[in-house]
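Data first, discussion second: the structure below is written as structure tokens.
Quick note: the coordinates plus some simple rules give every number you see, no bench work behind them. Because the structure is a prediction, the values reported are computed rather than measured. Glycine also receives a Cβ, built like all others from the backbone with ideal geometry; neighbour counts cover every protein chain displayed.
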Amino acid sequence: MTKLAVIEGDGIGREVIPAALEVLDAFGLDIEKVPLELGYARWEKTGTAMSEEDIDTIKDCDAVLFGAITTVPDPNYKSILLTIRKELDLYANVRPIKPLPGVMGVTGRSDFDFVIVRENTEGLYSGIEELHEDFSTTQRLVTRKGSERIAEYACKLAKERKNRLTIVHKSNVLKSDKLFLDVCRETASARGVESNDMLVDAMAYSLMMRPENYDVVVTTNLFGDILSDMSGALVGSLGLLPSANIGSKYAFFEPVHGSAPDIAGKGIANPLAAILCVKMLLEWMGEKRAPLIDEAISYVLQKKIVPPDLGGNSTTAEIGHAVAEYLKKLLMA
Ligand code: IPM
Ligand code: MG
């Protein structure tokens, strides 16, 4: 049995996660769900956004399904997301960028399918920083070990795909990226993966102009954060991008989008990113039927059961329900 911590969080997290769970339930798997209330709403009620016990509860589970959390306006607040990534040592942030049938992004094309593999524990997110009255610093720590394990992960993924790796960096300016680039190159050559590299600024442009050139893209923490949101424009909406944070023991699944307080509570949030997170969770669990989720989503989009960000007027719950119902038919067939 898999033990799954379920953290809806705040804002639209509370809407998209129930829709995603309906899809998960359609599989009828032996999964124990452990609901946890963390985040801004919890902080407003109790003064704490997350406690040590919550971390223990999460560590007692195998995986986490996470919605989104609104940043708590307390100067001592430590990002819950970053804390969990660190505590569970979730070193690989995997973000597939693949258009859905019939949904066009800003470039009007759909001939691409790549995955951003973002280093998730160090770089500019190492948390080594100081804030003073007149200056502040943030250390960008890149280690050989950290670079090696993300490079290994990316190479393994590349081998399951087109065996092509693009290493994204800014080593013309940053020494820390020189180490990252060298380690990724060495790893790719040791694993027999064809690799090339791109400076991150050139990559931002190239992804918009020629997204079809890429298969697996490996990069450091902040660059991966930025390039993945940008890639939301390629697929037509940030509401379509799922992500998996993978470690050697645990895995944590979250939509790339945030809690979107401006549209929260209206039932109009796009649940497809969260539903695609369920697909990634099932793949991580080794569930062979996970790709049926793609089929069910295609069917629902074709039936024009579409959320407002994609030009429709269906609600979050209606979309989740429609995907789950069609999935049940596919699962019975
Ligand atoms: C993401 C988010 C987070 C990040 C924030 C909320 C800390 O933007 O998952 O991409 O920067 O990693
Ligand atoms: Mg981000």
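Before moving on, here are some points about what is shown:
- In nm, spacing of pseudo-spin labels at GLU194 and GLU53 (7 Å Cα→C-beta vector): 5.6
- Net +/- balance of residues flanking ASP60 in space, Cβ distance below 11 Å, scoring K and R +1, D and E -1: -3
- Other residues lying with their Cβ under 15 Å from the Cβ of ILE31 contribute a combined charge of -4, Lys and Arg counting +1, Asp and Glu -1.
- Sorted on the mean count of surrounding Cβ atoms within 10 Å across their residues, most packed first, peptides 138-144, 290-296 read 290-296, 138-144.
- Here the peptides 50-56, 210-216, 5-11, 94-100 are ranked by packing, the mean other Cβ count within 10 Å, and the order with the highest first is 5-11, 94-100, 210-216, 50-56.
- Other residues within the sphere of radius under 14 Å centred on the Cβ of LYS303, judged by their own Cβ, net out at -1 (K and R +1, D and E -1).
- Taking SER248, SER136, SER176 as the candidate residues, the one with maximal mean-square fluctuation in a Gaussian network model of the chain, Cα springs under 10 Å, is SER136.
- Helical contribution to [θ] at 222 nm, DSSP H n ≥ 4, -39,500 (n - 2.57), averaged over the chain, rounded to 500: -13000 deg cm²/dmol
- DSSP beta bridge pairing in the chain, given as percent antiparallel to the nearest 5: 40
- Think of the chain as a dipole: +1 on every Lys or Arg Cβ, -1 on every Asp or Glu Cβ, centred on the Cα centre; then among MET198, ASN213, PRO255, ASN213 lies furthest on the positive end.
- Pairwise FRET efficiency - ARG161 versus THR137, Cβ, R0 = 56 Å, nearest 0.05: 0.90
- Cβ-placed point charges (K, R +1; D, E -1), dipole of the range 203-333 about Cα centre in debye, nearest 20: 380
- Dipole of the chain, positive direction: furthest Cα of SER51, ALA264, GLY311, with charges on the beta-carbon: GLY311
- Considering only LYS33, LYS170, LYS45, the Gaussian network model of the chain with Cα springs below 10 Å gives its largest mean-square fluctuation to LYS45.
- GNM flexibility winner over the chain from PHE253, PHE135, PHE180 (Cα, springs under 10 Å): PHE135
- The length gained by stretching the chain between LYS98 and MET209 to full extension, at 0.36 nm per residue less their Cα-Cα distance, is 38.4 nm.
- Label-to-label distance, nm, for residues given as ASN76 and ARG289 (7 Å Cα→Cβ offset): 4.9
- Distance between the modelled labels on ASP25 and ARG144, one decimal in nanometres: 5.2 nm (7 Å Cα→Cβ projection).
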